Amino acid sequence: MSTSTMSTTTNPAFTTPPAETTRPDLQGTFGMAASTHWIATATAQAVLERGGNAFDAAVAGAFVLHVVEPHLNGPGGDVTAVFATASDKTPTVLVGQGPAPAGATPEHFRSEGLDLVPGAGALAAAVPGAVDAWLLLLAEHGTWELADVLAPAIGYARDGHPVAPRVVATIATVQDLFRDHWPSSAERWLPGGSVPVAGAMVRNETYASVLERLVQAGSGVTTGDDTADARVARIEAARTEWAEGSVAQAIDAFVRTPHRHASGTDHAGVVRASDLAAFRASTEPATTAEFRGHTIAKTGPWGQGPALLQTLRLLDPMDDERLDPSTVLGAHTIAEAQKLALADREAYYGDGDVPMAELLSDAYSDERRALIGDRASHELRPGTVSVPAGALPPLRVTYTPGGEPIAGVGEPTVPGARGDAPAPDAVAVPAEDDAVHEDRGEPIVMATGETRGDTCHIDVVDRWGNIVSATPSGGWLQSSPTIPELGFCLGTRMQMTWLEEGTASTLTPGARPRTTLTPTLVLRDGEPVVAMGSPGGDQQDQWQLLFLLRTIVGGWTPQQAIDAPALHTTSFPGSFWPRTWTPGGLVVEDRLGDDVIAGLEELGHVVTRAGDWSLGRLSCVTRDPDTGVMGAAANPRGAQGYAAGR
């Protein structure tokens with residue numbers, strides 16, 4: 001992308017971007033892909049090279065992410081995406097967030113002695129939504145046969161791939177849990193009884209067989225002479241096999257045996273084959289807001305995405321110098337606006353009737369903007385609209401489930417970012433990094449399996465104008481025991497619900513947990529120009545906001561914006577177990593500068609330094625509708641994300 005896609009020149013009201021970037025801003029006219037792992041990016045680009053469109057490429061890359069980033073996502077997890085097609089520029093959301101099972105009631109959890117949904121263990125599993133959603137996207141907008149799309153993932157699972165250091169570090173963290181309580185996970189991830197070494201070839205033949213069964217389910221399907229209809233029918237047969245066949249049966253049988261959860265107690269799961277059979281992924285219109293001549297498209301309020309839109313509505317009319325994240329004034333203003341939007345997230349967002357139009361209205365935004373003061377707020381301050389807010393959740397700085405207090409350690413990516421210090425058994429990923437100051441943007445994994453922060457991301461744009469941004473997550477290898485017949489485990493998305501009655505996101509059977517997964521599509525004059533996103537739990541939209549401000553207002557290039565020092569607030573209840581908060585908390589990269597950090601502390605922010613390169617794992621693809629030039633950029637932190645294209 002040339003800077004003309006968002007802005008023509010660098011804004012003098014903003015800090016001047018560095019002349020050198022960690023990676024080039026890729027440009028080309030054929031197609032672009034970017035993701036959190038180089039193998040997935042290369043897979044997606046290879047599909048484009050062979051004539052596939054952006055949807056074929058994204059689905060192929062996503063199934064590879066299940067294999068190469070198993071600590072960040074899996075087939076038992078979820079995905080949300082926002083996309084536009086060459087023929088229909090209307091931003092559309094792919095809903096791959098499964099609901100709570102029929103047996104997942106607050107009463108059941110309380111009968112198990114729990115007052116929070118655990119952060120690890122199958123009792124926290126929503127209905128897996130990722131696989132069905134990807135198959136739906138392929139059926140409705142792809143062009144390739146399922147067998148061809150799944151071939152790369154099947155190959156890497158069956159024949160092996162060099163395991164990334166971050167995967168190894170995660171396995172090392174939870175190895176005792178696997179050995180002592182989750183023997184099926186030990187068998188899957190501790191070959192020969194030992195943690196694999198980085199770069200070793202790892203295989204998952206069992207998952208390869210699952211994917212092959214999906215292909216086989218449709219292999220005999222024909223519909224006369226219409227090859228396009230036959231292609232879709234074969235994919236639909238695979239969807240039915242996933243939801244009603246051996247996968248659903250294996251999940252049902254396995255979770256009935258109690259196993260260790262993050263609570264330190266043993267429980268059986270409640271997801272059943274009937275829950276999988278009842279779920280199908282879907283699409284719906286995106287929720288949008290205007291900002292500085294651009295339309296920002298997000299999920300509905302069953303995800304956290306509209307909080308970004310609310311933040312942008314607060315910031316839109318402000319002077320440009322108040323929107324620069326690299327200054328004291330800008331960082332303070334941005335953090336205070338985010339606190340207000342995230343407070344509304346807690347009070348209103350969930351899988352129900354959310355008054356989004358009112359929350360995004362001019363009058364409400366004006367009223368809320370007046371609350372942004374000269375000092376850092378240490379309160380949770382949701383607003384008031386015509387629809388009553390839900391009951392506010394418990395505000396805990398620490399959480400004691402019965403025993404030693406558990407500090408909110410680094411939710412989701414920085415040890416110490418929620419609480420004064422990490423809990424004794426908190427391990428940053430990767431383990432070799434400084435466990436207090438830096439974790440290079442990876443999640444924090446506890447020895448008991450719970451994970452603060454998660455997720456992968458993939459973006460693809462093709463020469464025809466199809467574009468997609470997707471954030472797959474959940475079902476990571478440490479979330480619950482591996483199901484032996486499947487080679488993967490279930491996710492823990494229900495930890496984002498409350499067991500207290502009357503909140504906007506109280507656990508409700510059949511309702512979607514309020515997910516943190518929040519990809520973004522940006523349009524200008526009705527034309528998609530950017531697909532972007534980031535891993536990072538509650539921080540995903542906070543980091544994306546910085547990108548949008550620096551590119552749309554500041555005139556920075558995408559790679560400059562991704563490289564730039566990041567920050568985020570933790571002054572709201574976290575979405576991940578143990579759901580704690582840090583009043584006035586602000587986490588910053590040290591590269592923001594000592595003077596800026598000191599200035600923020602003087603304004604009352606409770607600052608946690610997170611190291612120089614620790615926050616944000618953004619990637620993006622771009623398209624200039626005037627010239628046809630496409631671009632891509634990827635995160636250098638952790639040396640794993642990658643962009644490719646020509």
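The values are calculated or read from the model by the stated rules, or taken from the named source; none is laboratory data. Worth saying up front: this structure is predicted, and the values here are computed from it rather than measured. Every residue, glycine as well, gets a Cβ built from its backbone with ideal geometry; the counts of neighbours run over all protein chains shown. Remember, those area values only see protein heavy atoms, side chains included, never the ligands or the DNA or RNA. Shrake-Rupley method; radii C 1.70, N 1.55, O 1.52, S 1.80 Å.
Scalar couplings 3J(HN,Hα) for the range 623-628, obtained by applying the Karplus form with A = 6.51, B = -1.76, C = 1.60 to θ = phi - 60°, are 8, 9, x, 6, 10, x Hz; x denotes Gly and Pro.
Using a simple spin-label model with pseudo-atoms 7 Å out from Cα toward Cβ, Trp464 and Glu187 lie 4.4 nm apart.
Computed packing ranks the peptides 302-309, 81-88, 59-66 as 59-66, 302-309, 81-88, most packed first, by mean other Cβ atoms within 10 Å.
Let a ≥ b ≥ c be the square roots of the eigenvalues of the Cα gyration tensor of the range 548-637; is it rounded (a/c under 1.5), or, if not, prolate (a/b larger than b/c) or oblate? Note, shape of the range 548-637 comes out prolate. A protection proxy built from the mean count of other Cβ atoms within 10 Å ranks the segments 382-392, 115-125, most packed first, as 115-125, 382-392. Using a 1.4 angstrom probe, figure out how much accessible area the chain has per residue, in square angstrom, rounded to the nearest whole. Each residue of the chain exposes 30 Å² on average to a 1.4 Å probe. Length gained on full extension, Glu501 to Met201: 103.2 nm, using 0.36 nm per residue less the C-alpha separation. Peptides 28-39, 492-503, 600-611 ranked from most to least packed give 28-39, 492-503, 600-611, packing being the mean of other C-beta atoms within 10 angstrom over each peptide's residues. Taking all protein chains together and rolling a 1.4 Å probe, His259 ends up with roughly 10 Å² accessible. The accessible surface of the range 228-357, taken with every protein chain in place and a 1.4 Å probe, is 51 percent carbon and sulfur.
Count Lys and Arg as plus one, Asp and Glu as minus one, and take only other residues whose Cβ is under 12 Å from that of Val460; the net charge is then -1. Spin-label model, Ala19 to His378: label points 7 Å out along the Cα-to-beta-carbon direction sit 4.5 nm apart.
With only the Cα atoms considered, the chain has a convex hull volume of 129 Å³ per residue.
When the charge dipole of the range 270-351 is built from unit charges on Cβ atoms (+1 for Lys and Arg, -1 for Asp and Glu) and taken about the Cα centre, the candidate among Val270, Leu329, Pro301 whose Cα reaches farthest toward its positive end is Val270.
Candidates Val621, Gln542, Thr515 compared by Cα position along the dipole of the range 502-646: farthest toward the positive end lies Thr515, with charges placed on Cβ. Qualifying trypsin sites (Lys or Arg not before Pro) in the range 199-278, where qualification requires a DSSP coil assignment and no more than 15 other C-beta atoms within 10 Å, comprise Arg256. Helical content of the chain, expressed as a calculated mean residue ellipticity at 222 nm, amounts to -9000 deg cm²/dmol (DSSP H runs of 4 or more residues, -39,500 (n - 2.57) each, divided by residue number, nearest 500). Assuming charge only on the beta carbon of Lys and Arg (+1) and of Asp and Glu (-1), the dipole of the chain about its Cα centre is about 600 debye to the nearest 20. Rounded if a/c is under 1.5, else prolate if a/b beats b/c, else oblate: with a ≥ b ≥ c from the C-alpha gyration tensor eigenvalues square-rooted, which is the range 540-581? The shape class here is prolate. Think of the range 161-217 as a dipole: +1 on every Lys or Arg Cβ, -1 on every Asp or Glu Cβ, centred on the Cα centre; then among Gly199, Ala172, Trp182, Gly199 lies furthest on the positive end. Of Arg646, Arg188, the order by accessible heavy-atom surface (1.4 Å probe, DNA, RNA and ligands excluded), from most exposed downward, is Arg646, Arg188. Each Lys or Arg adds one and each Asp or Glu takes one away; over the other residues whose Cβ falls under 14 Å from the Cβ of Leu48, this sums to -1.
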